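The values are calculated or read from the model by the stated rules, or taken from the named source; none is laboratory data. What you see is a predicted model, and the numbers here were worked out from it, not measured in a lab. Cβ placement follows ideal geometry from the backbone for every residue including glycine, while neighbour counts extend to all protein chains displayed.
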Amino acid sequence: MAVLSKIRQKSFLVVAIVGLALFAFIIGALIENGGFGKTSRNAGTINGVDIPFEEFRGKVDMAQKSQQGQNMSIMQATNGVWDQEVRRVLLEKQCEKLGLRIGDDQLINVIKEDPQFAQNPQFLNAAGKFDKAKFNEFIASIKNSSAERWQQWLDYEKQLAQSTTEQMYNTMIQSGFYTTQAEAKFNYELENNKVSFNVVSVPYSTIEDKKVEPTDAELIAFMKKDEKKYKADESRELEFVMIEDKASAEDKKVVEDKVNGLLNSVEDNPVTTTVNEAKVGFKNASNLVEFVNANSDIKYDSTYVAKKDLPAEHAEALFNLAPGQVYGPYVFGDYYCLTRNLGKKLNANVKASHILISYEGTKVPNKREKRTKEQAKAKAESILAQVLANPSSFQMLAYTSSDDSSAQQGGDLGYFSQGQMVKPFNDFAFSNPVGKIGLVETDFGFHIINVTDKQDAVRLATIAQKIAPSEATSDKVFTTATKFEMAANEKAFDVAAKEMKLTVAPIAKVLAMDENVQGIGNQREIVRWAFGAKEGEVKRFNIPSGHVVARLKKINEAGLLSIEDAKAAIGAKLRNEKKAELIKVKMTGSTLEAVSKATGSPVKEALDVVAANSYIQTIGAEPKVVGTAFSLKPGVVSQTIDGASGVFKIKVKSSTKAPAAKDYKDIVTRLNGQSKGSAQGRVYNSLKKDATIEDNRAQFN
């Protein structure tokens, strides 16, 4: 009983402790799941499918790493992966509805077609064919030896299955598009039926815009008719002042004097090379490489340079220097330079085109057709004969026959130097004159080569010292930026700028996922700040070229386009509608001559106009006018027509039917190609337009 009594006495404390524990649990769950205004743990949600942030970030990291030395910013990678995720989710949903999936046997068949597996000796049998058993043994060894490699393989399988399923889906979509004979006949008539008519037009430009400017209420009412079309994402408007940290006239003079001092003697210059070179300048230095590396901000480069690759404003002088001659000092970009010629090399670079005919077993992964070495050689010799008979056919034959990616450029490989191409190719190109066409064999197959140009090149030694602001100059710029930041927090931004003789840049509008700020460039930090700051807030940012002092001028919430943006997007349309009503009042009369007299606009003649392009000579494209012309009987004056450039009245003189066609096969083929070619993009855009997408990426970037 005593124990029970103590429990009763402490019951309030127990309840309080349990209550606090439950509260902490709930708070933790709310924070974890984005409660109380915290950020979501998902990068976004697409039609109810969450994209976990950690998984998304991993894919972004992989995208950046996969660029193999190419410079991809974090935002470029983020946007690319997001687009991939949207596409994946939308198409997966469609494939699920259709019951499309890829089985193990189908997956193996896809793998067998991949050159990295199909041509790997590890997976080939004695007959040189892909061996499924050997491949399965390899996969089993991965599973048993490395959890990390096994997971990588599973991820690869998943990606492969996804891309293959999407390909099946797209193939089905394309198969659903076809052109009937009736459609082909209709298009034939659109392109070949002709109509001639007289026309009176009063251009919209005859009425001043300021007389018919749409009101804010009219703009909003128009957008509300199709809110999805005129939807605007959340945005911010910034005003800013850029204060550049650049070299002053005094800084430039210091660098100029320093470089000039290196020309003939460095005896009194604190920057010297070796003791033996201490009294010898750039002009007479014997160990030029060491001299340049000791005195230049850009190290010595031993490569030969073609004239086209030299600085444009100095190319002529640099290319024509005599051996040992010095050019300069001269300014190139941010550098003050001296250049000495070390010699010229004739035919240093070659330009060539080629047609590659590959065969089974070569290093080319993407072949137009499977063929043996003998078949490839025969085809290459046949093409060579055609080209020798008609050299002008080379480009077209490359486009239609070459197995190399350069086929899209007519086989053109551009300029290359010694050693850049495989030896047989290199030897032919450099040992033959311009215009020579011949056949060589390499590990890639048979090449029909056309040597199209050769360039001489020079080797130059250049001392380049950067023209940079001194510490005193940078300190002065920093002080100016800091003072302006303080002033802009105390008074109007433009007033503070005017008092300090600084220029306020045009307003920059940014979206949450933008990386660039107009007028500044890549400044993700400023965009992030703008979406976390309060309206009117001012902040200074250090950028590579100096300082930016920015003010958040306006916060635009998501919704309809702003009035300013709406004026740019639909203002002209609404103005023209108002102008049309004013013009119609003047276009009175039952004949075109009467309308012409009433408006002061002449009667013009439009001859043999076709519906397909709707172009009226001296007026331009006017689909509604031309469409009306094809619907009128000769001699009848039309009602007023609100066209693209003005208001019109027309009277048809004559119409001519196109001669009957024997068949419409060519038109069917063309229209089929157009519809099938654009089907994939049109379907995806429709899916995306109807999707419910929540994008939270800005919370993490």
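One line per residue, one yes/no per condition, for (1) of a type in the set (Phe, Trp, Tyr); (2) touching a residue at least 12 places away in the same chain (Cβ under 8 Å); (3) crowded, with 18+ Cβ neighbours inside 10 Å; (4) touching a helix residue (DSSP H, G or I) at 6+ places or on another chain (Cβ under 7 Å):
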residue	(1), (2), (3), (4)
Leu190	no, yes, no, no
Ser196	no, yes, no, no
Thr206	no, yes, no, no
Lys210	no, no, no, no
Ala217	no, no, no, no
Ala232	no, yes, no, yes
Glu250	no, yes, no, no
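If the requirement is being part of a helix (DSSP H, G or I) and more than 25 Å from Lys210 (Cα to Cα), which of these qualifies: Ala580, Ala611, Ala629?
Answer to the selection: Ala629.
Give, as residue ranges, the helices (runs of 4 or more DSSP H) completely inside the stretch 343-461 that count at least 2 residues that are over 30 Å from Val326 (Cα atoms) and aliphatic (A, V, I, L, M).
By residue number, 373-389, 394-401.
Of the numbered conditions (1) surrounded by fewer than 19 Cβ atoms within 10 Å (Cβ to Cβ); (2) over 30 Å from Ala285 (Cβ atoms); (3) β-branched (Val, Ile, Thr), Val254 fails exactly one; give the number of that condition.
Of (1) surrounded by fewer than 19 Cβ atoms within 10 Å (Cβ to Cβ); (2) over 30 Å from Ala285 (Cβ atoms); (3) β-branched (Val, Ile, Thr), only one is false for Val254: (2).
Could you tell me which numbered condition Thr303 fails, if it satisfies all but one of (1) farther than 24 Å from Lys258 by Cα; (2) in a helix (DSSP H, G or I); (3) of a type outside the set (Gly, Ala, Ser); (4) touching a residue at least 12 places away in the same chain (Cβ under 8 Å)?
(2)
Here are some residues: Ala497, Ala505, Ala461, Ala429. Which one is closer than 30 Å to Ser402 by Cβ, among the small types (Gly, Ala, Ser) and in contact with a strand residue (DSSP E or B) (Cβ under 8 Å, 6 or more places away or on another chain)?
That would be Ala429, the only listed residue that is closer than 30 Å to Ser402 by Cβ, among the small types (Gly, Ala, Ser) and in contact with a strand residue (DSSP E or B) (Cβ under 8 Å, 6 or more places away or on another chain).
Kindly indicate whether Gly328 is closer than 20 Å to Val292 by Cα and surrounded by fewer than 17 Cβ atoms within 10 Å (Cβ to Cβ).
Answer is no for this residue.
Going residue by residue through the stretch 142-162, is there one that turns out to be assigned to a helix (DSSP H, G or I), within 30 Å of Lys586 (Cα to Cα) and out of contact with any helix residue (DSSP H, G or I) (no Cβ under 6 Å at 6 or more places or on another chain)?
The answer is no, given that none of the residues of the stretch 142-162 is assigned to a helix (DSSP H, G or I), within 30 Å of Lys586 (Cα to Cα) and out of contact with any helix residue (DSSP H, G or I) (no Cβ under 6 Å at 6 or more places or on another chain).
Thr588: assigned by TED's automatic domain parsing to the domain that holds Asn198, of a type outside the set (Phe, Trp, Tyr), farther than 20 Å from Ala644 by Cβ and without any contact (Cβ under 8 Å) to a residue 40 or more places away in the chain, yes or no?
yes
Hey, any hits in the stretch 328-338 for a residue that's touching a residue at least 60 places away in the same chain (Cβ under 8 Å) and over 30 Å from Val254 (Cα atoms)?
The answer is no, given that none of the residues of the stretch 328-338 is touching a residue at least 60 places away in the same chain (Cβ under 8 Å) and over 30 Å from Val254 (Cα atoms).
Looking at Glu577, Glu581, which is the one that is at pLDDT 95 or above, surrounded by 15 or more Cβ atoms within 10 Å (Cβ to Cβ), out of contact with any strand residue (DSSP E or B) (no Cβ under 7 Å at 6 or more places or on another chain) and of a type in the set (D, E, K, R)?
Glu577
Would you mind stating whether Thr452 is modelled with pLDDT of 95 or more and touching a strand residue (DSSP E or B) at 6+ places or on another chain (Cβ under 6 Å)?
Yes; evaluated as a whole, the condition is true for this residue.
Checking Thr656 against (1) in contact (Cβ under 8 Å) with a residue 40 or more places away in the chain; (2) in contact with a Lys or Arg (Cβ under 6 Å, 6 or more places away or on another chain); (3) surrounded by 15 or more Cβ atoms within 10 Å (Cβ to Cβ): exactly one of these is not met. Which one?
Answer for Thr656: the failing condition is (3).
Just to verify a result, which residue in the stretch 505-523, among those that are outside any loop (DSSP other than H, G, I, E, B) and surrounded by fewer than 17 Cβ atoms within 10 Å (Cβ to Cβ), is farthest from the chain's Cα centre (by Cα)?
Here the answer is Leu511.
Given the criteria out of contact with any Cys (no Cβ under 9 Å at 6 or more places or on another chain) and farther than 30 Å from Val387 by Cα, does Ala464 qualify?
Against the criterion (out of contact with any Cys (no Cβ under 9 Å at 6 or more places or on another chain) and farther than 30 Å from Val387 by Cα), Ala464 does not qualify.
What residue, among those in the stretch 498-529 that are farther than 17 Å from Gln76 by Cβ and among the charged types (D, E, K, R), is modelled with the lowest pLDDT?
Within the stretch 498-529, the match that is modelled with the lowest pLDDT is Lys509.
Name every residue in the stretch 175-190 that is part of a helix (DSSP H, G or I) and at pLDDT 90 or above, in order of residue number.
Result: Gln181, Ala182, Glu183, Ala184, Lys185, Phe186, Asn187, Tyr188, Glu189, Leu190.
Among (1) in the same structural domain as Thr591 (by TED's automatic domain parsing); (2) closer than 25 Å to Lys185 by Cα; (3) not β-branched (Val, Ile, Thr), where does Gln639 come up short?
It fails just one condition, (2).
Let's see how each residue does on (1) of a type in the set (D, E, K, R); (2) farther than 20 Å from Lys194 by Cα; (3) surrounded by 13 or more Cβ atoms within 10 Å (Cβ to Cβ):
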position	(1), (2), (3)
Val595	no, yes, yes
Lys624	yes, no, yes
Thr628	no, no, yes
Val636	no, no, no
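Restricting attention to the stretch 605-619, which residues are surrounded by 15 or more Cβ atoms within 10 Å (Cβ to Cβ) and either of a type in the set (A, V, I, L, M, F, W, C) or modelled with pLDDT of 95 or more (or both)?
Listed by number, the residues that qualify are Ala606, Val609, Val610, Ala611, Ile616, Ile619.
Exactly one condition in (1) surrounded by 12 or more Cβ atoms within 10 Å (Cβ to Cβ); (2) part of a helix (DSSP H, G or I); (3) not hydroxyl-bearing (Ser, Thr, Tyr) is false for Ile102; which is it?
(2)
Within the stretch 400-428, count every residue that is under 25 Å from the mean Cα position of the chain (by Cα) and either of a type in the set (D, E, K, R) or over 21 Å from Ala457 (Cα atoms) (or both).
Qualifying residue count, the stretch 400-428: 9.
Within the stretch 354-367, take every residue that is farther than 10 Å from Phe446 by Cβ, surrounded by 13 or more Cβ atoms within 10 Å (Cβ to Cβ) and out of contact with any Leu (no Cβ under 8 Å at 6 or more places or on another chain) and give me the one that is modelled with the lowest pLDDT.
Across the stretch 354-367, the extreme among qualifying residues is Lys367.
Among the residues of the stretch 544-558, are any assigned to a helix (DSSP H, G or I) and touching a residue at least 24 places away in the same chain (Cβ under 8 Å)?
Scanning the stretch 544-558 turns up no residue that is assigned to a helix (DSSP H, G or I) and touching a residue at least 24 places away in the same chain (Cβ under 8 Å).
Only residues that are modelled with pLDDT of 90 or more, of a type in the set (Lys, Arg) and in a helix (DSSP H, G or I): list them for the stretch 653-701, please.
Lys665, Arg670, Arg682, Lys688
Would you mention how many residues in the stretch 113-155 are closer than 25 Å to Gly58 by Cα, surrounded by 11 or more Cβ atoms within 10 Å (Cβ to Cβ) and not aliphatic (A, V, I, L, M)?
Of the residues in the stretch 113-155, 8 are closer than 25 Å to Gly58 by Cα, surrounded by 11 or more Cβ atoms within 10 Å (Cβ to Cβ) and not aliphatic (A, V, I, L, M).
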